[in-house]
Each structure stands twice: as structure tokens, then as C-alpha cells.
Amino acid sequence: MSFKDAIQDDIPIFTEFEEFAIKATYKGVDINILFDLESDDSEEILLPTIHARSLDVPNLAKGDTFIVEGVNYKVLDWYDLTGLKIISLNKEQF
């Protein structure tokens with residue numbers, strides 16, 4: 001088994017609700033995510049960040065909305081890892 005295959009096999013473990021993940025709503029569907037604050041490129045600002053399985057966020061686009069613990073967040077940017085998307089968010093202001 002390659003390292004890439006091993007990572008792919010482990011992603012469901014880390015996104016399992018009973019283990020590490022919390023629920024979020026994306027495009028009307030509940031998905032399991034890892035939610036954290038991570039520093040931006042300048043390392044001066046902490047941005048809300050989601051780690052989600054790539055399969056759960058197909059056709060992800062800037063401006064898409066996630067609802068996490070009752071709070072709306074807009075997608076600012078993201079990058080792909082093997083089977084996982086790291087998504088930077090901005091809290092939606094009303």
C-alpha cells in the first residue's frame with residue numbers, strides 16, 4: 001500500500017463524528033468536518049478553517065456557505081490535499 005493510499009484510508013477516521021468531527025451544513029446537506037482557527041499567510045490573523053473530505057464538498061466555490069454550530073461562514077479560499085480540502089472561511093456578517 002502506498003503512502004497516498006494510507007492517507008486516503010485514514011481520512012474517514014478523522015472525519016468521523018463520534019471521534020473528532022463536528023457537523024456542518026453545506027448546500028443543504030449535513031457533513032462531518034474538522035473546524036479550527038488557523039493563521040493566514042501573514043500569521044497575524046486567525047481564520048475559521050474547515051477540513052472536509054473532498055467527496056463531501058464537490059464543486060466548492062468561493063462565496064459558498066457553510067453553517068457550523070448555527071453560524072454562517074463564507075468560503076474565502078481552499079486548497080486540496082489527498083482526499084481532503086482545507087477551506088478558509090469568513091464569518092458572515094448580517
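Taking first residues from the range 82-94 that are farther than 11 Å from residue 57 by Cβ and in contact (Cβ under 8 Å) with a residue 60 or more places away in the chain and partners that are surrounded by fewer than 12 Cβ atoms within 10 Å (Cβ to Cβ) and not aliphatic (A, V, I, L, M), the Cβ contacts under 7 Å between residues at least 6 apart in sequence or on separate chains come to 82/4.
Let's see how each residue does on (1) modelled with pLDDT of 85 or more; (2) in a loop (DSSP other than H, G, I, E, B); (3) of a type in the set (A, V, I, L, M, F, W, C):
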| site | (1), (2), (3) |
| --- | --- |
| 9 | no, no, no |
| 16 | no, yes, no |
| 19 | no, yes, no |
| 24 | yes, no, yes |
| 73 | yes, no, no |
| 86 | yes, no, yes |
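Only residues that are modelled with pLDDT under 95 and outside any helix (DSSP H, G or I) were counted across the range 51-67, and they come to 5. If you go through the range 57-72 and pick out every residue that is in contact (Cβ under 8 Å) with a residue 12 or more places away in the chain and farther than 14 Å from residue 34 by Cα, you end up with 8. Residue pairs whose Cβ atoms lie under 6 Å apart, separated by 6 or more positions or on different chains, with the first residue in the range 37-54 and closer than 12 Å to residue 78 by Cβ and of a type in the set (A, V, I, L, M) and the second surrounded by 11 or more Cβ atoms within 10 Å (Cβ to Cβ) and at pLDDT 75 or above, are 47/88; 50/33; 50/35; 50/87; 52/33; 52/85.
Kindly evaluate residue 36 against the criterion of being closer than 18 Å to residue 23 by Cα, at pLDDT below 90 and either surrounded by fewer than 16 Cβ atoms within 10 Å (Cβ to Cβ) or among the basic types (Lys, Arg) (or both). Taking the combined requirement at face value, the residue satisfies it.
The values are calculated or read from the model by the stated rules, or taken from the named source; none is laboratory data. This structure is a prediction, so every number in the text was calculated from the model and none was measured. Because the Cβ atoms are built from the backbone with ideal geometry, glycine has one as well, and the counts that use them run over all protein chains shown.
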